Amino acid sequence: SNLVLSGVTADADCVKLTPEEIADGWILLFDGHTTKGWSNSNLKLDQDLIEDGALTPYKRGAYYLMTDRVFADFVLSVDFKTSDKCNSGIFLRADPKRGMKLGNDTAWYAFEVAIDEAQESGHHATGALYDLVPVKKNLSKPVGEWNRARITCDRGLVRVEISGQVVSETVLDQWHVGGKRPDGTSTKFNYPMKPRARSGFIGLQDHGQPVW
């Protein structure tokens, strides 16, 4: 699937798909005006998810906003902007029921693309696969400016582009050992990445600071 997540503030032309985008199989996830297709991770619909034409998970009553639909292999095009010292993220292939059942938050059972204005580099910087794969280069824009990310999930491949450049990527088949990255360094995730779910919801995290 090809997925577009964009609001009127970011780029008014993206609120409606062009005939070419429709022909290429793109699906609009957010129309800039309504919450259709979205709820939060306690599985309740909150009508107050939109601010200035953008979805915002901040203080919306749950850990993250989530799509109503499950996606497996996809390309996600998403616009986002941060606030001062913002720490947030985009969840891929998430399953809130699994997280609640096992007594853990979804960050442990989904891939997270980090959005962290305070981190300049490393495994938690914007565009990193959180605590797994660091950014090659931090291409995030200053607070209040819109960024464009393109995230690819293709079976075992997970790739993140910011402003048209690849900043992180990995192939899950390389991750055989819990608590270790393929290069031997330690990660907080104490189980192998290879068998992680290959389908799930897309989520937008509330980690305590405004983000759009």
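A few remarks follow.
- Each helix, a run of at least 4 DSSP H residues, gives -39500 (n - 2.57); summed and divided by the residues of the chain, these come to -1000 deg cm²/dmol at 222 nm.
- Percent RCO, i.e. relative contact order, over the chain, from Cα pairs under 8 Å lying at least 6 residues apart: 23 percent
- Annotation note: trypsin sites (Lys or Arg not before Pro) in the range 42-94 located in DSSP loop regions with a Cβ neighbour count of at most 13 within 10 Å are Lys44, Lys59, Arg69, Lys85.
- GNM flexibility winner over the chain from Val158, Val167, Val70 (Cα, springs under 10 Å): Val70
- Whole-Hz ³J(HN,Hα) from phi, Karplus 6.51 cos²θ - 1.76 cosθ + 1.60, for the range 27-38, glycine and proline x: 10, 7, 8, 8, 8, x, 9, 10, 8, 4, x, 9
- Neighbours of Ile27 by Cβ distance under 11 Å: Lys/Arg scored +1, Asp/Glu scored -1, total -1.
- Aspartates and glutamates with Cα under 16 Å of Lys188, excluding same-chain neighbours fewer than 8 positions away: Asp105, Glu112, Asp131
- Convex hull volume per residue for the chain, taking Cα atoms only, in Å³: 110 Å³
- Counted over the chain, the DSSP beta bridges are approximately 85% antiparallel.
- Loop-located trypsin sites (Lys or Arg not before Pro) in the range 117-165, at most 11 other Cβ atoms within 10 Å (DSSP): Arg155
- For the chain, excluding the exposed loop sites themselves (GluC sites (Glu not before Pro), DSSP loop, at most 15 other Cβ atoms within 10 Å), the longest remaining stretch covers 1-119.
- With contacts taken as Cα pairs under 8 Å at a separation of at least 6 residues, the range 110-178 carries a relative contact order of 23 percent.
- Computed over the chain with a Gaussian network model linking Cα atoms closer than 10 Å, the most mobile of Tyr130, Tyr58, Tyr191 is Tyr191.
- Counting only protein heavy atoms and a 1.4 Å probe, the chain has 47 square angstrom of accessible area per residue.
- The shape of the range 54-98 comes out oblate: with a ≥ b ≥ c from the C-alpha gyration tensor, a/c is at least 1.5 while a/b does not beat b/c.
- Shown are His124, His207, His33, whose ranking by accessible area with a 1.4 Å probe and every protein chain present, most to least, is His33, His207, His124.
- For the listed residue pairs Lys36/Lys136; Lys59/Lys141; Lys16/Lys85, the alpha carbons are over 28 angstrom apart in Lys36/Lys136; Lys16/Lys85.
- Protein accessible area in the chain, 1.4 Å probe - carbon and sulfur %: 50 percent
The values are calculated or read from the model by the stated rules, or taken from the named source; none is laboratory data. For clarity, every value in this text was computed on a predicted model and none was experimentally measured. Don't worry about glycine lacking a Cβ; one is built from the backbone with ideal geometry, like all the others, and counts go over all protein chains shown. For the accessible areas, the whole protein counts, side chains as well, though only heavy atoms, and no ligand, DNA or RNA atoms are used. Shrake-Rupley method; radii C 1.70, N 1.55, O 1.52, S 1.80 Å.
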